[in-house]
Every structure is written in C-alpha cells, then in structure tokens.
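The values are calculated or read from the model by the stated rules, or taken from the named source; none is laboratory data. Please read these numbers as outputs of a predicted model, since none were measured by experiment. Counting neighbours? That spans all protein chains shown, and the Cβs are built from the backbone with ideal geometry, glycine included.
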Amino acid sequence: MKKTLIALSLAALSSAAMADVTLYGTIKAGVETSNTKNYLQGQKGEFNPRGQEVVSKFHTETAIADFGSRIGFKGHENLGNGLNAIWKVEQKTSVAGTDSGWGNRQAYIGLETTAGTFRAGKIGTQLDDMDKTDAWEYNNRALGLGIFTRTGQKVLSVRYDSPVFAGFSANVQFSPRDNKVNAVRGVGAGTSGRNDAAKENALYAAGLNYENSGFFAQYGVSVKKAAFVDTQGASHSGQAHRVEAGYDANNLFVSAGYQYTNGWDSNVSYISNLYDQPYSDADVQNDTGVSAKTHELAVTGAYRLGNVTPKVTYAHGFKAKVQDYTADDKAATKYDQVILGADYDFSKRTTAFAQAGWLRVGKKSIMSQETTAGLVGLRHKF
C-alpha cells in the first residue's frame, strides 16, 4: 500500500512538473513536379546566369518533398506578480530525414511581463514573422513566395515585444557583431566583425503590427550594419523593408505586400537567387558585386467554401537598380509569378492541398528562366 501511495505521489509530482510544457509541431510533405526552361538571347538551354553561358538542356524534376516539417517544445512558469518565465526549442524534422540537431529553427528563453516580452536566443525577425501573403506550402520556389520572403531571418539575438494597445503592437531586435549572424560579402576570407574591413557586423530589426475586426497591417525592417565590402575596402550597410496589409474574417482572406531592399543583395547574389543558382560561403566571401536596389509586390486572395479554400497569388519583381547596368541587364532582373491552389480540411488539424505555379524571371530575348510546377500534399498539426 505504501509503495502504491509513493508511486502515485511521484506520478502526480511528475505531471505537475510537466504541466507547463507543450509538445507541438507540423508534419507536411507531398509529391512535387516542375519543368524549367532557360533562355539566353533566345537560345534554349540551362545556363549559369552569372557567367551567362548555356551549359545543358531543359529539365523536369519529380520528387517527394518536405514542406518545412518541424517539432518543438515550449513552456512557461508563473513567477507571480504578472511575471512568467518562457522558453522554446524548435527544430526541423524533414520527412526525408536529412535535418539534424536541436533548436535549428528557433530556441530562446525569456521573461513575459505586463510591460512586454523579453527574449534571448535564436529568434525570427519581424520580416520572418510576416508570412500572411505567402500562404503556401512548397519546396520549389515557383509554388510559393520564396523570392519575396528571402529577407526573413532567424538570428541569435535579443528581442522585445510590446503589449497590444488598441490593436497596435511593436518589437525591436538586436544581434551583436560578435555573433556574426550575417555573412559579409566581399571580405575574401570571412570576417570577425571587429578588426577587418567589415567593421560592425551587427543586425538591427524592428516591426509594427495592427489588427482589429479582421483587418491587419504589418511593417518590418532589418538592417545589416555591414552587408558588403566594396573594391576600395569600405564596408556598407544593407536594409530591407516590407509592409503587408489585408483582411482575414468571414471566410474571406486578402493580403497584399510591398518590399524594398537597398544593399541587402548584390547584383550577383540577387541574380543567383532569381535564377535558383548556388551561392556558397565562398561565393559570399568573393562577391564584390555592385549593391542592388529592388522593389517587389505580392497579392494573395482566398475564400473558404465549407471544407475547401481556393487560393490565388500574383507577385511581381520590378527591374533591379544596379550601378552601370544597361537596359538589357535590368530586364534580366525582373520577375512575374502566379500561383493557384486549394486546401481541403479533413479536420482542424489535418489538411490536404494541391497547387500549381508559374514563375518567369528575366526576358526571353536577353536572359530568362521559366518554371511551371505543381504539387499535392498533406499537412498535420499537433
């Protein structure tokens, strides 16, 4: 009898100790297929846009793909007087089994107070949080707004989030230079962020949010103190700004976004991103390309009909502004994108989805890449 009481007591204590811990996650995967066509001065073939040379033919790919599966643990402890200790450890869990390590998405600890929330660890910036317009699951960027959302980051930093006042809230975030969260372009052998040409390799981010009666608006900004080093050895900052606004209520969802960057990309890194070309650490270090200014727009609409939610997105990237670029060079930096799809909810936690996308970068008579893609998938949340 005594042993039974002891066992019950230990079980009760264990349950109480674990009461503040939540296991959560999302598993999402499917079959994705795509066809990519490349043109250089009207000539068909796959090419290296940085070298501007044709190297092979068109290609088609079909694969089982993971769309960002993850699992996490989070918890809190009530410390009294409106004060709570909070924490989270979240990691990627690809169905392909290729992701490893703990806390490779977000991991932080902090304090939640009546005056706001303070956190330290690997935390998403406001630009990373702004995911309403990109309402898609995908691996191939023709099926989602991967180009438009490239400025979102999860970085080792400290972040403060204000309480909500009349629908408004704000946040500020800082990553010190010695955490080296940004790879500085053009430094050759890398940077310490302290003693070389990159100087202050810090990141500053901030955001403003509003939500009321289904209407919402968000603004986010991130600034890299040292984004790149020019050929004269001087370092320069890079910045990204995005605003999104829309309506999400009464079965209707509409969201529109605009993004402006200056120095966030070089002409080399932006071209690599647009044309889905490799951009390794060595490429970053040796990238002495000219700073690029970009302007992009995206609009998404959806309407829920019972268990089915049809969706559509259109995105447009204007010609990038780069020093000494000709009209033809600029034409190669624009893009247009259309995505169509629908979700079917089996339950509150399980959803099937299908979508098709078209993405065209550049101009066929100069340099262009055109991708059509489709997928079917399944998502389960827990």
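Return the residues of segment 221-268 that are among the polar types (S, T, N, Q), part of a strand (DSSP E or B), surrounded by fewer than 20 Cβ atoms within 10 Å (Cβ to Cβ) and modelled with pLDDT of 95 or more; say none if nothing qualifies. Listed by number, the residues that qualify are Gln239, Asn262.
Take Val284 and decide whether it is in a strand (DSSP E or B) and either at positive phi or surrounded by fewer than 22 Cβ atoms within 10 Å (Cβ to Cβ) (or both). Please lay out each step first, then the result.
Working: in a strand (DSSP E or B): no; either at positive phi or surrounded by fewer than 22 Cβ atoms within 10 Å (Cβ to Cβ) (or both): yes.
Criteria not met by Val284.
Does Leu127 fit the bill of being at pLDDT 95 or above, in contact with a Leu (Cβ under 7 Å, 6 or more places away or on another chain) and not β-branched (Val, Ile, Thr)? Outline the logic, then answer.
Values: at pLDDT 95 or above: yes; in contact with a Leu (Cβ under 7 Å, 6 or more places away or on another chain): no; not β-branched (Val, Ile, Thr): yes.
Criteria not met by Leu127.
Would you pick out the residues in segment 238-263 that are within 30 Å of Arg185 (Cα to Cα) and free of Cβ contacts under 8 Å to residues at least 60 places away in the same chain?
Pass one, segment 238-263, residues within 30 Å of Arg185 (Cα to Cα): 238-244, 257-263.
The answer is Gly238, Gln239, His241, Val243, Tyr258, Tyr260, Asn262, Gly263.
Residues in segment 106-135 that are over 11 Å from the mean Cα position of the chain (by Cα), among the hydrophobic types (A, V, I, L, M, F, W, C) and part of a loop (DSSP other than H, G, I, E, B) were compared, and the one that is surrounded by the fewest Cβ atoms within 10 Å (Cβ to Cβ) is Ala115. Checking each residue in segment 179-220 for being at pLDDT 75 or above and polar (S, T, N, Q) picks out Asn179, Asn182, Asn201, Asn209, Asn212, Ser213, Gln218. Cβ-Cβ distances below 7 Å connect the following pairs, each with a first residue in segment 207-223 that is under 23 Å from Leu252 (Cα atoms), a second residue that is among the charged types (D, E, K, R) and part of a strand (DSSP E or B), and a separation of six or more residues or different chains: Gly214/Asp248; Phe216/Asp248; Gln218/Glu244. Of all residues in segment 124-141, those satisfying the criterion of being under 16 Å from Thr372 (Cα atoms) and touching an Asp or Glu at 6+ places or on another chain (Cβ under 7 Å) are Asn139, Asn140, Arg141.
Under the condition of being at pLDDT 95 or above and either among the polar types (S, T, N, Q) or in a helix (DSSP H, G or I) (or both), the residues counted in segment 141-156 number 4.
The residue of segment 28-45 that is modelled with the highest pLDDT, among those that are surrounded by fewer than 19 Cβ atoms within 10 Å (Cβ to Cβ) and in contact with a Phe, Trp or Tyr (Cβ under 8 Å, 6 or more places away or on another chain), is Asn35. A single entry from Val290, Val284 fulfils the requirement of being in contact with a helix residue (DSSP H, G or I) (Cβ under 7 Å, 6 or more places away or on another chain), at pLDDT below 95, among the aliphatic types (A, V, I, L, M) and more than 26 Å from Glu244 (Cβ to Cβ): Val290. Among the residues of segment 310-361, what is the count of those that are in a strand (DSSP E or B) and either hydrophobic (A, V, I, L, M, F, W, C) or free of Cβ contacts under 8 Å to residues at least 40 places away in the same chain (or both)? Here the count works out to 25.
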